[in-house]
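What follows is a single structure, written as structure tokens, with notes after it.
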Amino acid sequence: MTYVITGKEKRHIFDRHYQFCVGSGHAPLALRTDYVAQLKRVHEELGIERVRFHGIFDEDMKVVLHLKSYLPMPGMEKFRDVSFNQIGLAYDNVLSAGMRPLVELSFMPALFARNKKQLGFSYKASISPPKDYGEWEGFVKKFIRFLLDRYGKEEVEQWYFEVWNEPNIGTFFSGTQEDYFKLYAHTARAIKSVDRTLRVGGPATATNSWVKELVDYCRAHRVPIDFCSTHQYMGEPLGHDAGMMKGLVKAVCGGMKKIRKHPGGSINEGIRLMFEDSSETRDFPETLFSDNVKAVKEQAGGLPLFYTEWNAASCCGAPHNDTRKLAANAVKNILDVEGHLQGSSIWCFSDIFEESFLFPQEFSGNFGLLTIHGIRKPVYHAFALLRQVGDTRIEVQAEKNEIELGAFENEEGLQLLLYRLDLKCRRLPVKTAEIEILCDAPKRVTVQKIDEDHGNPLKLWQKMGSPMDMKPADAARIDEAASLAEEEQPYTYKDGRLHMTAVLGVNDVHLIKIYR
């Protein structure tokens, strides 16, 4: 395959939508010093501006306190306090890292819940709608006033407020679509009644769902909505909620059969037997994300569109989450969806993350760009490479090649990002791309690689014996050893034509820099 850049191609300003936000776990994690240190690194090295996490109103954030928690006797629930202090400490930490929060308004304080027994995840998030919407509205108003008082109007008006998380999935919301729309309406109106300039939106759904329905509902009922948000993981088709749940049930049943036959092992092994990475076991087009973004953009009816969660696998523990597959997947999708949305937020920035529990292994197949001790994974390096490219994107002729290319330009010269995504991580022969550029003779041509031997900390950890409890010094050594290096790229130059060859294995990523 050959790529030719003549200098006559169209150009546009590269939209770095992927720097809008990054995902995280749930709110109490933002109180940890190691979490804040990693968040600061992500901001400073990758340029990411916001962080989004679940559960600011959960019981472990001590927001709605009542005497019955301590004295479980009749009538004690009448004695209560509302305190946003823990949320304030979490947001203080976010701001100290140079970021802003993307405020996810979740979940329901247990005392307000219609059904207190409907809980999600190991941290027992209350996923029920409120029993009294007037009480909920008053609570939301009080929260917004708290933020304005603590951080000031000018700061908070830079934030976004997203109502709930994935209400179309029973794990996160026990109500119906109608229940969610009612919850959204009361929440949005409560926020706007305090400060009409604050930005509120939703539906924050899985599988690209409910966007058109929420927009239609808001316009029909004159409910404020400033943006739309939804989520996409590979293996999740457009709006296929029922199919997703059937697939999950089928996967769990299949996993149980494997568990019964297995002699046992680590928790991580058990998780991997239970939940498969559907991007590797089923056939999905590698353009699934960009195809769905384009469709949902139309459904948003002109409102700003944010993908507040996206990644390859939606299951933690997927073996290839720690490999360069996620690097190639990130580069492809970031470049493919550019221009079709206003912001995106990869899930998530760190393996300091828990939905079932906090995995103790350094490399557990969790979602993070960084491991629990801050080792940079290949996908982190992919974001770092993206930060190095120029602000001008050159519109190279798109072809259906195994090796794809994104071209960029700045004052230093040209940058070429090459990547070869294969979601199933098949063992395939290397492929070669020929690149020809009409240009003046370069001062220097370099390459940085993410492949089997570059930017691959998992391999180094395995060579160390895959220790369960890493010493910080050992983690730092692995991180340094797996750093990317700018090496000389062989090339020829004759008669105004620069020619070079790039050889990529499956899921490799190369950044070639051509210095003027």
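At-a-glance table
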read-out: Per residue convex hull volume, Cα atoms of the stretch 461-515, in Å³; value: 118
read-out: Trypsin sites (Lys or Arg not before Pro) lying in DSSP loop within the stretch 143-238, provided at most 13 other Cβ fall within 10 Å; value: R196, R222
read-out: Calculated FRET efficiency for the pair S96/M1, C-beta based, R₀ 56 Å, to 0.05; value: 0.75
read-out: Filtered trypsin sites (Lys or Arg not before Pro), the stretch 408-495: DSSP coil and at most 10 other beta carbons within 10 Å; value: R426, R427, K443
read-out: Length released on extending from D216 to E155, taking residue separation times 0.36 nm less the Cα-Cα span; value: 18.9 nm
read-out: Peptides 111-118, 55-62, 32-39, 2-9 ordered by average Cβ neighbours within 10 Å, highest first; value: 55-62, 32-39, 111-118, 2-9
read-out: Per-peptide average of other Cβ atoms within 10 Å, ordering 497-503, 164-170 highest first; value: 164-170, 497-503
read-out: Normalised contact order of the stretch 140-201, rounded percent, pairs of Cα under 8 Å and 6 or more residues apart; value: 48
read-out: Sites Y493 and L358, calculated FRET efficiency, Cβ-Cβ separation with R0 51 Å, nearest 0.05; value: 0.45
read-out: Cleavage-rule hits (trypsin sites (Lys or Arg not before Pro)) in the stretch 305-399: DSSP loop, at most 14 neighbouring Cβ within 10 angstrom; value: none
read-out: Order by protection proxy (mean Cβ within 10 Å, highest first), peptides 261-268, 47-54, 63-70; value: 47-54, 63-70, 261-268
read-out: Label-point separation, K62 to T33 (7 Å along Cα→Cβ), nm; value: 1.9
read-out: Pairwise centroid distance, computed over Cα atoms, of the stretch 67-93 with the stretch 359-383, Å; value: 34
read-out: Dimensionless Rg/Rh of the chain - Kirkwood Rh, Rg from C-alpha atoms; value: 0.98
read-out: Length gained when the stretch D132-Q342 is fully extended (0.36 nm per residue, less Cα-Cα span); value: 72.1 nm
read-out: Per-pair calculated FRET efficiency, R0 = 35 Å: T176 and S266 via Cβ, rounded to 0.05; value: 0.35
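No value in this document is a laboratory result; all are computed from the given coordinates. Just so you know, these numbers come straight off a predicted model, no measurement behind them. Cβ sites come from the backbone with ideal geometry, for glycine too, and all protein chains shown count toward neighbours.
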